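My questions will all concern the structure given below.
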Amino acid sequence: MTKNKKWIALFLAPGVLIFAYIFLTSIVVLLGTSFTDWAIGKDMSFVGLKNYITLFTEDKTYIESIKTHLFGLCFSLQFTYRLA
């Protein structure tokens, strides 16, 4: 049985490593670009936390969507727990 587990791990390892590489690379790139002011056709400029400050203080649509999402999440959890 131990021999089979080694072969299973050997065959699964490349796929898992490729998936992890693609997943982690995309997260790092997205996190890096979130600190820039960049549009297609324009140069990328670093703005630091300005994007996040604007998002949480000035963007009323974002704050309202978070409230709506949390309300829906709480409602669906309560409904699911009571149904089960």
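Since every read-out is calculated from the coordinates, none of them should be taken as a lab result. Note that this is a predicted model, so its numbers are computed, not measured. Counting neighbours? That spans all protein chains shown, and the Cβs are built from the backbone with ideal geometry, glycine included.
Identify all residues within the stretch 46-84 that are of a type in the set (Gly, Ala, Ser) and in a helix (DSSP H, G or I); write none if there are none.
Residues satisfying the conditions are SER65, GLY72, SER76.
Tell me, please, whether a residue that is among the charged types (D, E, K, R) and exposed (fewer than 10 other Cβ atoms within 10 Å of the Cβ) can be found in the stretch 23-41.
no
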